[in-house]
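Enquirer: Sharing a structure with you now.
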Amino acid sequence: MTIHFSYRAGAALAAVALCAPAVHAAAAPDAPTRYTHVLPLQVSGKQAVVQLRLPPAVYLHARTPDLADLRVFDSAGAPQPFALTSAAAPQQRSLALPCKVFPIHAPARDGGGRIDDLQVRLTRDGTVVSVTPRPDAAPGNAETLAGLVLDLGALPQGAQVTGLTLAPPPGARNYSAQLIAEASDDLQDWQPLAETTVSWLVNASGETVTSNRIAFPAQRLRYVRLRWADGRPAEFAAVTAQALQAQDAPQQWDEVTLTAARAAGGGDLVYAAPLAVPAERVGVVLREQNVVLPVAIGRYAARPPGMPGQTTAPDFVPFASATFYRLNQDGAARVAGDVAIPETHLAQWVLRPKAEVAATPDLRLRWRPATLVFLAGGKPPYTLAFGRASAPATQLPLGQVAPGFDARDLGRLETAATGALVEQKAGAAADAGTGTSAPDRVKWLWALLVAGVGALGWMAWRLVTQLKGGDTGAARD
């Protein structure tokens with residue numbers, strides 16, 4: 001029996017069958033060398049969570065609009081968890097607001113004074129002048145200190161009260177009481193605020209242990225009423241409200257200026273731009289003096305394919321129109337400002353002038369940089385890598401990088417220092433060699449795998465066919 005089968009062809013087909021796993025295994029691991037640009041990061045090594053406001057170089061050289069190709073590596077090349085925050089953390093300023101204190105002496109009934117019925121005199125701005133029990137209140141045997149009414153005054157804009165600090169009663173070396181605090185905006189409807197024990201203890205050596213703060217959730221309020229749940233009522237020497245005033249952090253804007261090129265077959269000006277730039281302001285930079293230029297700013301959109309041989313010019317899609325100018329008047333320059341637009345990522349911007357242009361203007365894009373928050377859990381120094389179009393996103397939610405951190409904690413994070421930008425030609429070559437996207441590569445791998453399985457099936461069929469042919473010939477002999 002002779003089997004006519006080319007083992008060389010079979011080996012080739014077997015190689016095709018095995019090529020998909022081989023290609024998958026040959027994929028290089030994520031590393032700084034696979035990116036076109038890197039920035040060294042210096043940290044103190046004392047903090048677990050570090051921040052960095054992304055420098056302009058990241059947006060100018062990243063290859064994806066959502067910064068999916070952003071990575072943080074340690075010195076061993078291990079990726080570090082990171083998140084991106086788009087807004088600057090608000091800053092907070094601590095305030096100490098002295099309170100006006102009005103003691104309430106009410107008739108003692110049922111073992112204590114009541115302050116439910118009060119007569120309050122106010123000024124037009126709500127400032128308390130006096131607080132006394134109503135004249136028609138039920139009489140008692142004698143008056144006793146029933147409580148205190150505090151006027152915090154008009155709070156500054158953006159301020160919220162977080163607690164009260166009490167000074168001990170005059171002449172009291174040791175004092176302890178359980179206080180109930182209630183809040184109101186009109187001195188009529190009182191809502192529970194907090195209940196706590198305050199105390200001042202002094203030993204024979206003159207050492208003091210103090211618990212003099214009534215804390216409660218931050219809120220805006222005007223009036224507070226204090227009454228005693230336990231302990232001897234006494235007027236405190238002073239009451240101070242502790243507040244936090246939120247202040248917007250100053251916004252930082254970065255910008256890039258693009259040079260123009262004439263569009264083919266028209267008067268449009270086109271500008272190549274980094275795709276990662278999240279432009280929120282756009283402006284026209286005029287080089288000449290005393291120029292007024294009305295323009296439309298937009299992009300090109302491809303038309304549906306037409307008949308064979310028919311050319312289809314792209315449609316111009318505007319999203320902003322404005323008049324830009326540069327004028328000298330009374331010895332001062334008047335220059336048009338930028339135009340606000342929704343956050344836009346474009347690889348090509350189009351400027352359509354509505355008047356003749358003698359000198360082509362530049363286009364200015366401005367954006368607010370995001371803040372990178374990363375977990376410095378590896379071995380320093382760290383590296384910020386970017387510039388790889390095929391990289392999948394690895395950003396995490398902020399709560400998975402800095403769990404339990406509030407806006408105030410984030411505002412106090414250590415800021416990493418950046419070194420000189422390094423361009424990597426090897427990373428550029430690697431990125432150029434991966435022109436297909438990750439989903440397309442998966443499809444190709446599956447196609448190769450199916451082809452390999454088909455080749456193995458064909459080989460098996462050929463073997464079986466030749467074996468049957470050999471058995472038939474032997475039977476005839």
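Enquirer: Condition (residue is at pLDDT 95 or above, more than 16 Å from T383 (Cα to Cα) and touching a Lys or Arg at 6+ places or on another chain (Cβ under 7 Å)) applied to the range 25-45: is it met by at least one residue?
Expert: Looking through the range 25-45, none of the residues is at pLDDT 95 or above, more than 16 Å from T383 (Cα to Cα) and touching a Lys or Arg at 6+ places or on another chain (Cβ under 7 Å).
Enquirer: So, one more: Where residues in the range 316-350 are in a loop (DSSP other than H, G, I, E, B), small (G, A, S) and out of contact with any Ser or Thr (no Cβ under 9 Å at 6 or more places or on another chain), which of them is nearest to S86 (Cα to Cα)?
Expert: Out of the qualifying residues, it is A347.
Enquirer: Please work out if F319 is among the aromatic types (F, W, Y) and touching a Leu at 6+ places or on another chain (Cβ under 7 Å).
Expert: no
Enquirer: If I ask for residues that are under 46 Å from the mean Cα position of the chain (by Cα), open to solvent by 60 Å² or more (accessible area, probe 1.4 Å) and not aromatic (F, W, Y), which ones from the range 227-254 would you list?
Expert: R227, A237, Q247, D248, P250, Q251, Q252
Enquirer: For the range 445-454, does any single residue satisfy the condition of being modelled with pLDDT under 70, part of a helix (DSSP H, G or I) and not hydrophobic (A, V, I, L, M, F, W, C)?
Expert: Keep residues of the range 445-454 that are modelled with pLDDT under 70, which gives 445-446.
Those left that are additionally part of a helix (DSSP H, G or I): 445-446.
When the remaining residues are screened for being not hydrophobic (A, V, I, L, M, F, W, C), the result is none.
The answer is no; no qualifying residue exists.
Enquirer: Let me ask you something else. Would you tally the residues in the range 351-389 being open to solvent by less than 10 Å² (accessible area, probe 1.4 Å), among the small types (G, A, S) and in a loop (DSSP other than H, G, I, E, B)?
Expert: 1
Enquirer: Please pick out the residue among A402, A417, A407 that is touching a residue at least 12 places away in the same chain (Cβ under 8 Å) and surrounded by 18 or more Cβ atoms within 10 Å (Cβ to Cβ).
Expert: None of the others qualify; the one that does is A402.
Enquirer: Same structure, new question: Would you point out the residue of the range 263-298, among those that are over 15 Å from A355 (Cα atoms) and among the charged types (D, E, K, R), that is modelled with the lowest pLDDT? If you could, list the steps in order and put the result at the bottom.
Expert: Just the residues of the range 263-298 that are over 15 Å from A355 (Cα atoms), to begin with: 263-265, 270-283, 285, 287, 289, 298.
So of that shortlist, the ones also among the charged types (D, E, K, R) come out as 280-281, 287.
Values: E280: 96, R281: 96, R287: 88.
Selected residue: R287.
Enquirer: Of the residues that make up the range 176-190, is at least one part of a loop (DSSP other than H, G, I, E, B) and polar (S, T, N, Q)? Reasoning before the result, please.
Expert: At the first step, the residues of the range 176-190 found to be part of a loop (DSSP other than H, G, I, E, B) are 185-190.
Subsequent filtering for residues that are polar (S, T, N, Q) retains 188.
Yes, the range 176-190 contains at least one residue that is part of a loop (DSSP other than H, G, I, E, B) and polar (S, T, N, Q).
Enquirer: Out of curiosity, is R213 modelled with pLDDT of 90 or more and basic (K, R)?
Expert: For R213, the condition - modelled with pLDDT of 90 or more and basic (K, R) - is met.
Enquirer: Return the residues of the range 331-347 that are of a type outside the set (A, V, I, L, M, F, W, C) and surrounded by 10 or more Cβ atoms within 10 Å (Cβ to Cβ); say none if nothing qualifies. If you could, list the steps in order and put the result at the bottom.
Expert: Quick first cut of the range 331-347, residues of a type outside the set (A, V, I, L, M, F, W, C) only: 331, 334, 337-338, 342-345.
R334, D338, E343, T344, H345 - these are the residues of the range 331-347 that are of a type outside the set (A, V, I, L, M, F, W, C) and surrounded by 10 or more Cβ atoms within 10 Å (Cβ to Cβ).
The values are calculated or read from the model by the stated rules, or taken from the named source; none is laboratory data. This is a predicted model, so every value here is computed, not measured. Please note: Cβ atoms are built from the backbone with ideal geometry, for glycine as well, and neighbour counts cover all protein chains shown. Note: areas computed on protein heavy atoms with side chains; ligands, DNA, RNA excluded. Shrake-Rupley method; radii C 1.70, N 1.55, O 1.52, S 1.80 Å.
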